[in-house]
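Here is the structure we will look at, set down as structure tokens.
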Amino acid sequence: MRIDILSLFPQITEAALGESMMKRAQEAGLAEIHSLNIRDWTTDKHHTADDAPYGGGQGMVMKCEPIFASIEAVRRPESRVVFMSPSGRPFSHALATEYSREQHLVVLCGHYEGVDQRVIDHLVHDEVSIGDYVLTNGAIAALVFVDAVVRLIPGVLGDDQSAQDESFATGLLEGPQYTRPVDFRGWRVPDILLSGNHAAIAAWRREQALAKTKRVRPDLLG
Ligand code: SAH
């Protein structure tokens with residue numbers, strides 16, 4: 001999959017997506033991620049990317065011209081153009097799974113007060129929100145979005161099984177996990193995990209996951 005992230009702060013996405021699993025996914029050729037600066041498509045000498053809102057009001061709005069020029073330069077017929085926005089569709093595991101099957105994602109990041117509505121009306125396919133709060137900068141949301149999508153591309157997680165077992169994929173939150181030592185400050189790992197009885201361990205894990213989901217996210221149980 002190819003992903004082009006368009007923002008005013010490409011350093012943010014480049015740095016974070018150049019580490020750990022995202023770095024490995026790119027080295028393995030499973031994802032090709034480019035962080036591009038919308039300002040590179042401005043044509044005036046001050047490289048203006050934003051302007052005051054029509055009708056008055058606070059802050060600045062990102063202008064149409066550089067955004068259209070940048071996206072038109074990178075998009076292809078099969079591209080999906082996603083705008084990170086607090087007024088978008090709520091992001092979820094289900095959406096991440098859908099996007100992980102795309103060939104080319106163009107991720108547009110707003111800044112200031114947002115972008116001119118004509119970008120949303122005539123250029124963007126989907127608006128996606130990563131949660132009910134407002135960030136200062138869409139590049140931060142794009143990091144979350146791209147990480148969640150890329151880790152679902154087959155082969156990115158070392159063991160394909162691990163994406164299937166974890167929180168949300170099963171419809172439940174993940175239960176507790178332990179590693180060595182067996183006894184830490186008197187807090188012991190539950191005996192069942194040391195029993196070697198795989199069926200009993202699987203049943204215990206499911207029970208724990210269900211109990212946690214009931215307690216923390218009863219909405220997931222419908
Ligand atoms: N005035 C806008 C907020 C702009 S925040 C409003 O009230 O809706 C600046 C940029 O940060 C947005 O354009 C968007 O790209 C990004 N952003 C902020 N919060 C976000 C969220 N919850 N999900 C996705 N993107 C977000």
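The values are calculated or read from the model by the stated rules, or taken from the named source; none is laboratory data. Please read all numbers here as calculations on a predicted model, not as lab measurements. Because the Cβ atoms are built from the backbone with ideal geometry, glycine has one as well, and the counts that use them run over all protein chains shown. Accessible surface areas use protein heavy atoms only, side chains included; no ligands, DNA or RNA. Shrake-Rupley method; radii C 1.70, N 1.55, O 1.52, S 1.80 Å.
Worth a mention:
- Neighbours by Cβ (under 8 Å, 6+ apart or cross-chain): first from segment 157-168, within 17 Å of A209 (Cα to Cα); second at pLDDT 80 or above and among the small types (G, A, S): A163/A169; F168/S92
- Looking only at residues of segment 89-120 that are of a type in the set (V, I, T) and not in a strand (DSSP E or B), we find that the one that is farthest from the ligand (Cβ to nearest atom) is T97.
- Segment 38-61, subset touching a Ser or Thr at 6+ places or on another chain (Cβ under 7 Å) and open to solvent by less than 40 Å² (accessible area, probe 1.4 Å), residue farthest from the ligand (Cβ to nearest atom): T42
- Taken over segment 121-152, the criterion of being charged (D, E, K, R), outside any loop (DSSP other than H, G, I, E, B) and more than 11 Å from the ligand (Cβ to nearest atom) is satisfied by D121, D126, D147.
- Residue within segment 62-75 that is within 15 Å of the ligand (Cβ to nearest atom), open to solvent by 40 Å² or more (accessible area, probe 1.4 Å) and part of a strand (DSSP E or B) present: no
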